[in-house]
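The values are calculated or read from the model by the stated rules, or taken from the named source; none is laboratory data. Just so you know, these numbers come straight off a predicted model, no measurement behind them. Using ideal geometry, Cβ is built from the backbone for each residue, glycine included, and neighbour counts are taken over all protein chains shown.
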Amino acid sequence: MGRLHFKQTIYRLILSLAILAVIHTAPVNSLAARANFGGVEMRFVAIHNPPFDSFIRGPNGTFTVSGVAHNIVKWMSRYYNFKVTLVAVNESLVEKFGTNEAAYHQLIEDKAIDGIICAFGLTLDRMKRMDYTSSFAWVDGFSLVVPKPGEESRLFAFTGPFQPTVWLFILISLMSMVGVMAVFTWFYKNPSLSYYKDISITNRKEDNAMMKSGRQRISSYVSTCLIYVVNILTNQGCREAFDRHSFRILAGFWLLGAMVLVNSYSGIVISSLTVPKMKPPIESLEDLASNKETGIVLRYDMTMGIQILNAVSGVYKVLGDKARQDSNQIVGDAFKLNKMLETGKYAYPFIQTFNTWFVALQYRKDGHCRFHATKPLPVPHGYYFWLTKKGSPNTKLLSDGLIKLWESGITRFWTNSAIGLAKAAECFDSRRQKSSARQVPIRLYDLTSAFLILGIGLGLAILCFLLELIKSRFQRRLFKGRGCTDFK
């Protein structure tokens, strides 16, 4: 036992010496050698990149910076012991190249600049011009921020329950019914064709007298039958015009058909007036491409904007052409982008974090949900990295700091705090966004079509009255000029 214990002790000692030898002979990590900068100054370009970073210019060249990237660089300065100096992005370069390209220009051309406190998507051009951290600062999917669809116009709501083909067949059926009734009436009232000497009309005696043979032309029969048919169709009821079986059969079948049409129509009209009908929402790039009311705004210095503007086929090509119709829809500045989106006329494809932030921001301004963030688009996720000067040894330092913050969850916590999602919860709760089926008081806007019809009818009646008045005066003058006496 003693010899076995001695061998185990010797084995453990040899193993410990081997481990120490490996540790001492391993190459020294350059990051560990630069873990403490001893208070050295590092200069970063600051830009406006909502919702992550806020950059506001003040008077006399002053500016204020806040947000996620600012918190990250402050944490790194304390953790690695270096001093942070922020430099404002050159305003003239922003006007000339756009925000992102202006920051790249300063980083590359100014030897005193070490990096940019902002995360960017990688492109081949950016990788050639600058270094980037080995760890991403943010990863997110893409979606659309679009204006919430409004209610459909109620001006022609009365036509909504039936399709155009149904209305066409109703019109054809009505004209056919009126024509057949008018022919039957003309036949009944024509002694040379009808064997009945006296046409028994079940209306009032005054009506019988008015419809004596020879007192009316075929056009008068058409107008009378039209009113008769329309009264049945509008569910107003009407007295039977003739006691002839042919007329009763014709009117009876028209009554049955009208009953089905009226009941179908009235049920749908009631539901359409009590429940708001919204316009079709935009939920995909294809929906946006086919929508004629909503345009698209793009940033030419963002990865998604670059892909859409450079596309040569597919839905990206359609969206790019749609954006190029107006030069104002292609911007390079976050302030201009927000101004365009706030008009409620444009959609913007970008990461979900930005879209949810913009929806919440507008909710806090307006008090209601004016915008909607769609579900994730079927495109690859975006990975965003910090950029540093080409060949800078500080890139490894920033990479290590980004890894520590991401794994701890602090980066996401700072981002969620910047978005303010909880303050606009109703804009993202699908249950609250669904239209309620409960009955609500019918508004004047809902009955616009009814009053439109009344207005048109009133105008046509007045116009017809004026024409009849003119015709009457013209005939009176004509009779007086001929020396005739009008006994009518």
Q: Answer yes if at least one residue in the range 152-174 is farther than 30 Å from residue 255 by Cα and within 31 Å of the chain's Cα centre (by Cα), and no otherwise.
A: yes
Q: Taking the options 414, 386, name whichever one is surrounded by 20 or more Cβ atoms within 10 Å (Cβ to Cβ) and either in a helix (DSSP H, G or I) or modelled with pLDDT of 85 or more (or both).
A: 386
(Q) Restricting to the range 92-109, give me the number of residues that are among the aliphatic types (A, V, I, L, M) and buried (at least 22 other Cβ atoms within 10 Å of the Cβ). (A) 3
Q) Is there any pair linking a residue in the range 371-382 that is among the hydrophobic types (A, V, I, L, M, F, W, C) to one that is assigned to a loop (DSSP other than H, G, I, E, B) and modelled with pLDDT of 90 or more, with Cβ under 9 Å and at least six apart or on different chains, and which? A) 371/344; 377/141; 377/284; 379/141
Q. Within the range 360-374, can one find any residue that is surrounded by fewer than 19 Cβ atoms within 10 Å (Cβ to Cβ), within 15 Å of the chain's Cα centre (by Cα) and at negative phi?
A. yes
**Q.** Qualifying positions in the range 129-159 - surrounded by fewer than 17 Cβ atoms within 10 Å (Cβ to Cβ) and part of a helix (DSSP H, G or I)
**A.** 129, 159
Q | Residues satisfying the stated conditions in the range 324-338, i.e. over 15 Å from residue 293 (Cβ atoms) and either assigned to a helix (DSSP H, G or I) or among the β-branched types (Val, Ile, Thr) (or both) | A | 324, 327, 328, 330, 331, 334, 335, 336, 337, 338
Q | Matching residues in the range 342-358 - criterion: being over 27 Å from residue 402 (Cβ atoms) and either at pLDDT below 90 or surrounded by fewer than 20 Cβ atoms within 10 Å (Cβ to Cβ) (or both) | A | 342, 343, 344, 345
Q. Restricting attention to the range 34-43, does a residue exist that is among the hydrophobic types (A, V, I, L, M, F, W, C), within 33 Å of the chain's Cα centre (by Cα) and part of a strand (DSSP E or B)?
A. no
Q: For residue 398, indicate whether it is closer than 21 Å to residue 309 by Cα, in contact with a strand residue (DSSP E or B) (Cβ under 6 Å, 6 or more places away or on another chain), among the aliphatic types (A, V, I, L, M) and surrounded by 15 or more Cβ atoms within 10 Å (Cβ to Cβ).
A: no
**Q.** Residue match in the range 110-128 (condition: in contact with a helix residue (DSSP H, G or I) (Cβ under 8 Å, 6 or more places away or on another chain), buried (at least 17 other Cβ atoms within 10 Å of the Cβ), part of a loop (DSSP other than H, G, I, E, B) and not β-branched (Val, Ile, Thr))
**A.** yes
Q: Among the numbered conditions (1) surrounded by fewer than 14 Cβ atoms within 10 Å (Cβ to Cβ); (2) modelled with pLDDT under 90; (3) in contact with a strand residue (DSSP E or B) (Cβ under 9 Å, 6 or more places away or on another chain), tell me where residue 164 comes up short.
A: (3)
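Conditions tested, residue by residue: (1) outside any helix (DSSP H, G or I); (2) among the charged types (D, E, K, R).
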position: 318; (1), (2): no, no
position: 322; (1), (2): no, yes
position: 340; (1), (2): no, no
position: 344; (1), (2): yes, no
position: 358; (1), (2): no, no
